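A quick write-up on the structure given underneath.
The values are calculated or read from the model by the stated rules, or taken from the named source; none is laboratory data. Here the structure is a predicted model, which means the values were calculated and not measured. Note that each Cβ is placed from the backbone with ideal geometry, even for glycine, and that neighbours are counted across all protein chains shown. For accessibility, only protein heavy atoms count, side chains too; no ligands or nucleic acids. Shrake-Rupley method; radii C 1.70, N 1.55, O 1.52, S 1.80 Å.
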Amino acid sequence: MIAGDAIEALSATAIEDEKLSRAVVILNRGAGSGRLEDELAGSGWRVHLADVPAGDLAGCVERVGDVLAAPDSPDRAVLLGYGEVGRAALELADRHPERVAAVVAMDPEGVSGAQVVSVVDPYGSALTFSAAAPSMMVATVVSFLKELARRIDPRMDRHAPPPARLRTLTPVLLNDSGVLGRMREAGPVHRIDAAGMATSWVLTGHRAATATLADPGLVADVAITPGFRLQSPAFPHKGERDLITIDGGEHVRLRRMVGRYLTPKRVEVLRPRMQREADALLDALPRHEEIDLIARFALPLPVIVLCELLGVPRRDRGYIHEWLVERMRAAPPGAHSDIDDYLRDLIELRKARPSDDLLGWVVEAAGKRLDAEALVAAARLLMVGGHRAPTTLLANGVAALLRDRDQWTRLVQDPGLLVPAVEELLRFVTPFPVGLARHTSGRIEVGGRRIPEGDLVAASLVAANRDPSVFADPDVLDVGRVVNPHLSFGYGHHYCLGAALARAQAQIAIGTLATRFPRMDFARGFASLHFRQSRVRYLLGLPVVLEPDARRRRDASRQDRLRLETTTQEPPWTTPSRG
């Protein structure tokens, strides 16, 4: 639970719709499932039945995801599964806590008895259970869900005093600048306690974040999942989450190996190539028709830049794009062994023929001392961490500029504002809203609070980037902002390895759009856009017209006004209205 003053700070947005959590999805059948269905239905739960077949964990995760994607699936529910399907539910809950209120995993491998072993989010638990007698299983699960229901709705127990009704502090809310602003006003550091999860602390002030991230006592020498559970050894690397699950000591070693080749000076060598590729993508786009700027520009450009950085031949770009954009977002595989083999082949080529790219630079500098396997891991690390954030920044940033037309016009009319404009979009959009959780190697003090050894600490970068004690008018987009010490790339020894590359890429992409297409506008207005609300809020599409005629622009503006009158969706960079 959230401790201290944060409860009062969050109470303004506390009431959570019952339909989001008073549903149970029984993913597959097992001992006692029929009786359990009757018991839950009689206790006021809405029970949904699925038929997820058993199989390997990766396949089960994908099929559980399909269940939640179905049109009649509840918006938020308790997931109950037997065997490998139960493990898959735990895995999926780590990725989409906004959809999962709790998990009940029956008969998972290596578990005996009933125990709460993990937490999906601060207000949602996961129960793993193995029992020979179905009657014991039913009683345990019903008791567990009764307690969960009492937290969701105190009216379920008329004798229990109603606690503060808080919306769960899920990663979705960690994107919400309004909620985080109220937490920041209550204090710079907040403790979160939940069964099965290491005690965690969320930093919501700029000063607290910089001081803590610079503290050498904050380290990352354990592997964790996004849900703050210890990393399972089942997968050598977990696709898109390598930056989260990689062992901390290895992370430091890999940073040292390639960090010296990602300096601003080195990145400048790549700038002409990045400009050439950005122009080539835009040359292929129709000028007067609706296009999805994400699919046609914001998504492929970062992948192409990574290919240029590593020296991937043009003929192989499709393979890298398919790996990063499609396979990486699927369930964790046994291992992406093919990409490792591909990188090994590239490194062998560099040994025989030097090249002006990152792999070539490292191979030449290391000579016979080269650790090829470490370089493979470092290259994979860069690709995993270097494609999603630039896409999010570019898509959400362009949408923010087009929504605030005055700021777009300022940038178009004064190209000298490009550098501060990109810094402002980094602050305003904050591509990664929460820094990776680290743990304390010894007791540290933050904002007057003592954090014990072993606790997890994560900085809310959204809250730090909107701190009014540091930024004037923090909720206003200002492309000419001069003082802008944002923390979107982290801070201190936790500073982003690819910051210089990300900056150059954003400057080229946004600058080229402003120069070539100054009249670019939404195809159907801002209110028609849809954001995926998860750990990272990002646009699902960005329909624009690069060179709209005057009539189309008037129609888009009219549609925008009409939609804004009926829509309640807020973009990730706005402060939600106060209720």
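The residues of segment 474-523 present an accessible area of 35 Å² per residue when probed at 1.4 Å with all protein chains retained. Surface exposure of segment 366-438, expressed per residue as accessible area with a 1.4 Å probe, stands at 33 Å². Per residue, the accessible area of segment 33-83 comes to 46 Å², computed with a 1.4 Å probe over protein heavy atoms only.
Relative protection proxy for 255-262, 311-318, from highest mean packing down: 255-262, 311-318 (other beta-carbon atoms within 10 angstrom).
For ASP478, no residue 5 or more places off, or on another chain, has a built amide H under 5 Å of its own.
What a 1.4 Å probe finds exposed on segment 283-386 is 50% carbon and sulfur by accessible area, rounded to a whole percent. Sorting 176-185, 266-275 by their mean Cβ neighbour count within 10 Å, with the most densely packed peptide first, gives 176-185, 266-275.
Loop-only GluC sites (Glu not before Pro) in segment 381-460, please: DSSP not H, G, I, E or B, and at most 14 other Cβ atoms within 10 Å. Of the GluC sites (Glu not before Pro), the ones in loops of segment 381-460 whose Cβ has at most 14 other Cβ atoms within 10 Å are GLU453.
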